[in-house]
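The values are calculated or read from the model by the stated rules, or taken from the named source; none is laboratory data. Quick caveat, the model's predicted, so the values are computed rather than measured. All Cβ positions, glycine included, derive from the backbone under ideal geometry; neighbour counts span all protein chains shown.
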Ligand SMILES: Cc1cc2nc3c(=O)[nH]c(=O)nc-3n(C[C@H](O)[C@H](O)[C@H](O)COP(=O)(O)OP(=O)(O)OC[C@H]3O[C@@H](n4cnc5c(N)ncnc54)[C@H](O)[C@@H]3O)c2cc1C
């Protein structure tokens, strides 16, 4: 078998790589997008850095987002100008450095009132007194969008917002509620594959740093005389790991991680948000390919938008106890259907169209008396000594998906200061993973397909380019080494492709393939037969015994059911051979 650089690098993605040399200058606890972005930045500076996550990479809050890379127009209302400025700069930057996963998103706000929110919002901004959120009226939205234009147009490359009356709005989007008074339309960005984008960022870090190492399914469980105590959650094996700087990027679990390290904190106050994914061609058509973004009468932000041929609907903003599982509830689902009926009253859609659900907790700072919707979305870094040991414990509080690159640079900058090391590279403008040399124009796209289509066919090459960016070259190299065929139970993927993912992308559990290496669960249509087929492909690559293989199928079924509302027909699950 051809040994690719990806495979060599995948060896740095194991628990063994940490155990063989249980020390580094920096240990990052938590491989959500913010931990991973910090890892990449540090590795690029030549820092000896390791990152661990007790679950899969990007399986926490980073797997629960609304998939928006957005400037945060509504943060203007809270007076968070620094954050909006950084967010729009990052949005514009990501469209260029990650064009394979981050695309412009036309966003339309239906407006039902002219004035509401106008009086309360400036008052809130000026006095920092938190009134109850109210539906934002046309004047307020117009004001906000004009301000947003001034922040966000990237030298004119992002179009100015447009305001339309009811008649013109309904001409464009005829299924919208005819009671609306106006629509406002502007551009943000969407990331259709956040999990894959994060893996690209991680891979960049591993490729850049000779000493950079990472391991998923490794939990930080305490601190002892030799360092941070880590446990491999698959084997149960424990070992100690020393570092000069320990960085806690465990998102909404940051306080719990600090407590387990013997450094209790009360930094966090995350709120839960849920989403549903609907397979409804009628609703999909009604959106006209845009995100419909609006505010419910109670002030909560709502989005309905097309993604991967499905419609994503979210989200809620509810207090959550982080010691409890994070699940979307039936009340939240009821609420989503009320919203859809409010915006598209004639579209017929119900629970039978739900193919997938997900929920997560936003890693927000503690907010004693503020309404959840108005808690600051900005981030900060808290520093403390590392218990009785020499060294520093840094905790990240907050941090959205949109700002991950800037946050990684900022956090890495603090760490470089602690280590007395200079910054040698900036990540601003540095292409991410399969975004490198990505063909953005039609002509460049055709050239890329022409040079790769011979090996796998033009259509397949286009599918792989859309899925992996220019990293598709490595995938194709692997695919053509041996005969390949589409999966019998999902014609969108081939056996060799799944083998490639299992071999090079640190798959530990079957569910990793379904939820985060592919979009299979997100788009729906999973069957027991597919899970069995996937297990058959993955088992030999990862050396699973028959009993491990069976346990992986059972665990995947349970997680899909409990966390994502996906049920599979038991009868379709084939018996273990
Ligand atoms: C409903 C919702 C919608 C959102 N929508 C958007 C959006 O559209 N756009 C946007 O920009 N942002 C959005 N966000 C915010 C964004 O998703 C998060 O702020 C961001 O993903 C946080 O990333 P993180 O790396 O800090 O945390 P996480 O992704 O939560 O990562 C923390 C990691 O730490 C690990 N961990 C915890 N404890 C330990 C331990 N003891 N040892 C090892 N590992 C540990 C966890 O397993 C987890 O993987 C949304 C968030 C939610 C919940």
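So, in segment 238-253, of the ones that are closer than 23 Å to residue 326 by Cα and touching a strand residue (DSSP E or B) at 6+ places or on another chain (Cβ under 7 Å), which residue ends up farthest from the ligand (Cβ to nearest atom)?
The selected residue is 248.
Of all residues in segment 331-351, those satisfying the criterion of being in contact with a helix residue (DSSP H, G or I) (Cβ under 9 Å, 6 or more places away or on another chain) and free of Cβ contacts under 8 Å to residues at least 60 places away in the same chain are 333, 337, 340, 350, 351. Here segment 292-347 is the region considered, the condition is being at pLDDT 95 or above and at positive phi, and the residue that is farthest from the ligand (Cβ to nearest atom) is 309. I'd like the full set of residues that are modelled with pLDDT under 95 and touching a helix residue (DSSP H, G or I) at 6+ places or on another chain (Cβ under 6 Å), limited to segment 5-30. 6, 7, 9, 10, 12 - these are the residues of segment 5-30 that are modelled with pLDDT under 95 and touching a helix residue (DSSP H, G or I) at 6+ places or on another chain (Cβ under 6 Å). The helices (runs of 4 or more DSSP H) found wholly in segment 422-527 include none carrying at least 2 residues that are outside the structural domain of residue 543 (by TED's automatic domain parsing), surrounded by 19 or more Cβ atoms within 10 Å (Cβ to Cβ) and at pLDDT below 95. Inside segment 31-75, residues that are within 12 Å of the ligand (Cβ to nearest atom), in a helix (DSSP H, G or I), in contact with a helix residue (DSSP H, G or I) (Cβ under 7 Å, 6 or more places away or on another chain) and at pLDDT 95 or above make up a count of 9. Looking only at residues in segment 377-396 that are buried (at least 21 other Cβ atoms within 10 Å of the Cβ) and assigned to a strand (DSSP E or B), the one that is nearest to the chain's Cα centre (by Cα) is 396.
For residue 302, the criteria (1) in contact with a helix residue (DSSP H, G or I) (Cβ under 7 Å, 6 or more places away or on another chain); (2) crowded, with 22+ Cβ neighbours inside 10 Å hold in every case but one, which is (2). So which residues in segment 254-291 are closer than 23 Å to residue 564 by Cβ, within 16 Å of the ligand (Cβ to nearest atom) and in a strand (DSSP E or B), if there are any at all? Hits for segment 254-291 are 271, 272, 273, 274, 275, 276, 277, 291.
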